[in-house]
Amino acid sequence: MPYLFFFAFSLLFFLRAWREGRARDSLWFALSAAAAVATKDQAFALYVLTVPALGWRLAGHAPAHRPRVLALLGAAGLLAFAVLSGALVNPRGWLDHLRLIAGPASAGFRMFDRGLAGRLELLVQAARHLVFVLGWPSLIASAAGFALVRRDRGRPRAVLAALIPAVSYVLFFLLVVLYVYDRFLLPVAVVLALLGGHALASAVRSRSTAARVAAAAVLLFGLARAASVDVLLTRDSRYGVEDWLRREVGPGPVVAAVGPLEYLPRLDGLAWRRLGPSPGRLAQVHPDLVVVNADYARRADPGTGERAFYAALEDGSAGYAVALRRRAAPRTLIDVDALRREDGGRLWSNLDKIDP
């Protein structure tokens, strides 16, 4: 995600400015933060606490000169945001966009109540999703890094300041929109990776063989878990369905594609056509074969014609029998079952689109 690049860039200069108080680092922080927010609206929450905290820190380095410098840095960041976000060249469009994201764009996705209980439940789910994003070994390494930084009083502890954007993000984005996906925790994962990296570097530099082996195991597990996404993609069930369609159906019979095409196997070389999820249209077109994504079909709202259509296909009352049901389900380090659960234990992620 581009905004994560700009956030990581801003985090680098934030820590440099926090430690050394140089105006140059502060300027780069302001510009990269502006680019992050202009790229992704929700990135603003990373800086609600971060900007005033850095301003307070910089004021302590050289109090006599800081007011003017801080004003110039703030102006530079605001100007960069105005240009990059389009607010300067298209203010009406930018305001319309702001009204959209502040109102109806998020209301339909809300998962938790606005009260205290709902917000506590969101924090629990955010923690579960953070474990999914990082994996337990990396999360434990991050906790160890935090403990090491807290314990080591002889070295600069500026890295702890990196937690400010993470806390700011949780308070001013997650606890406001009241819904969570794994990708929402990526900025928090970037921050925790700094602490985890500190712990792993300390382990590698130590004289303990066990510590070095543990550090290598954490890194290998992380690499294998990241590679698991590639395994899921390359073993996606839709490839097998494509081969079956070319081999068993061929270009003659009429194939109906129901649902978004990006969720279905490719139908190149077949006599296919799109079909809406309607029993009437199915009876009118009467295709020889109907291709559906069963995971997508389960999302249909109860009591709707769409749900009735998929139910009729499943139980045979629409006049069709199941010719092929395919899910590759390769063995990986990703808990794909948790991505498809229909209860409170579900993990919300776009990875559920893989291998339907």
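Of all residues in region 247-294, which are within 19 Å of Pro356 (Cα to Cα) and assigned to a helix (DSSP H, G or I)?
Leu261, Glu262, Tyr263, Ala294
Being part of a helix (DSSP H, G or I), assigned by TED's automatic domain parsing to the domain that holds Ala143, under 21 Å from Asp352 (Cα atoms) and charged (D, E, K, R), is that true of even one residue in region 225-236?
Taking every residue of region 225-236 in turn, at least one turns out to be part of a helix (DSSP H, G or I), assigned by TED's automatic domain parsing to the domain that holds Ala143, under 21 Å from Asp352 (Cα atoms) and charged (D, E, K, R).
Which of (1) of a type outside the set (Gly, Ala, Ser); (2) part of a loop (DSSP other than H, G, I, E, B); (3) assigned by TED's automatic domain parsing to the domain that holds Leu134 does Leu324 not meet, given it meets every other one?
(3)
Just one of Ser206, Ser168, Ser202 is of a type in the set (S, T, N, Q) and surrounded by 20 or more Cβ atoms within 10 Å (Cβ to Cβ); which is it? Reasoning before the result, please.
Details: Ser206 fails: surrounded by 20 or more Cβ atoms within 10 Å (Cβ to Cβ); Ser202 fails: surrounded by 20 or more Cβ atoms within 10 Å (Cβ to Cβ).
None of the others qualify; the one that does is Ser168.
Note down all Cβ pairs under 7 Å where the first residue falls in region 17-45 and is in contact (Cβ under 8 Å) with a residue 40 or more places away in the chain and within 20 Å of Val69 (Cα to Cα), the second is of a type in the set (Asp, Glu) and assigned to a helix (DSSP H, G or I), and they're at least six residues apart or on different chains.
Ala17/Asp25
Given the criterion under 25 Å from the mean Cα position of the chain (by Cα) and not in a helix (DSSP H, G or I), identify the matching residue among Phe184, Phe112, Phe173.
Numbers: Phe184 fails: not in a helix (DSSP H, G or I); Phe173 fails: not in a helix (DSSP H, G or I).
The match here is Phe112.
May I ask you to list the residues in region 222-262 that are within 18 Å of Val322 (Cβ to Cβ) and polar (S, T, N, Q)?
Across region 222-262, the qualifying residue is only Ser237.
I'd like the full set of residues that are closer than 18 Å to Leu130 by Cα and not charged (D, E, K, R), limited to region 308-345.
Leu333, Ile334, Val336, Ala338, Leu339, Gly344, Gly345
Do any residues in region 170-184 that are modelled with pLDDT under 90 have Cβ atoms under 6 Å from those of residues that are crowded, with 18+ Cβ neighbours inside 10 Å and of a type in the set (Phe, Trp, Tyr), where the two are at least six apart or on different chains, and which pairs are they?
Leu178/Phe112
With respect to Gly252, determine if the residue is buried (at least 16 other Cβ atoms within 10 Å of the Cβ), more than 18 Å from Ala328 (Cα to Cα) and in contact with a strand residue (DSSP E or B) (Cβ under 9 Å, 6 or more places away or on another chain). Break it down into steps so the answer makes sense when it comes.
Details: buried (at least 16 other Cβ atoms within 10 Å of the Cβ): no; more than 18 Å from Ala328 (Cα to Cα): yes; in contact with a strand residue (DSSP E or B) (Cβ under 9 Å, 6 or more places away or on another chain): yes.
Answer is no for this residue.
Of the residues Gly74, Gly93, Gly115, Gly86, which is in contact with a Gly (Cβ under 9 Å, 6 or more places away or on another chain) and modelled with pLDDT of 80 or more?
Details: Gly93 fails: modelled with pLDDT of 80 or more; Gly115 fails: in contact with a Gly (Cβ under 9 Å, 6 or more places away or on another chain); Gly86 fails: modelled with pLDDT of 80 or more.
After applying the criteria, what remains is Gly74.
Restricting to region 111-128, what's the tally of residues that are without any contact (Cβ under 8 Å) to a residue 40 or more places away in the chain and small (Gly, Ala, Ser)? Can you show your working first?
Here is the first cut: in region 111-128, the residues without any contact (Cβ under 8 Å) to a residue 40 or more places away in the chain are 115-117, 120-121, 124, 127.
Now narrow it down to the ones that are small (Gly, Ala, Ser): 115, 117, 127.
Count: 3.
With the requirement that a residue be surrounded by fewer than 18 Cβ atoms within 10 Å (Cβ to Cβ) and of a type in the set (Phe, Trp, Tyr), what does region 1-27 give you?
Correct list: Phe5, Phe9.
So which residues in region 285-294 are among the β-branched types (Val, Ile, Thr) and touching a residue at least 40 places away in the same chain (Cβ under 8 Å), if there are any at all?
Of everything in region 285-294, just one residue is among the β-branched types (Val, Ile, Thr) and touching a residue at least 40 places away in the same chain (Cβ under 8 Å), namely Val291.
Could you list all residues from region 295-321 that are charged (D, E, K, R), closer than 28 Å to Thr234 by Cα, assigned to a helix (DSSP H, G or I) and in contact (Cβ under 8 Å) with a residue 24 or more places away in the chain? Break it down into steps so the answer makes sense when it comes.
If we filter region 295-321 for residues that are charged (D, E, K, R), which is where we start, we get 295, 298-299, 301, 306-307, 314-315.
Now narrow it down to the ones that are closer than 28 Å to Thr234 by Cα: 295, 298-299, 314.
Retained after the next criterion (residues that are assigned to a helix (DSSP H, G or I)): 295, 314.
Passing the criteria: only Asp295.
The values are calculated or read from the model by the stated rules, or taken from the named source; none is laboratory data. This one's a predicted model, so the numbers in the text were calculated from it and none came from an experiment. Glycine also receives a Cβ, built like all others from the backbone with ideal geometry; neighbour counts cover every protein chain displayed.
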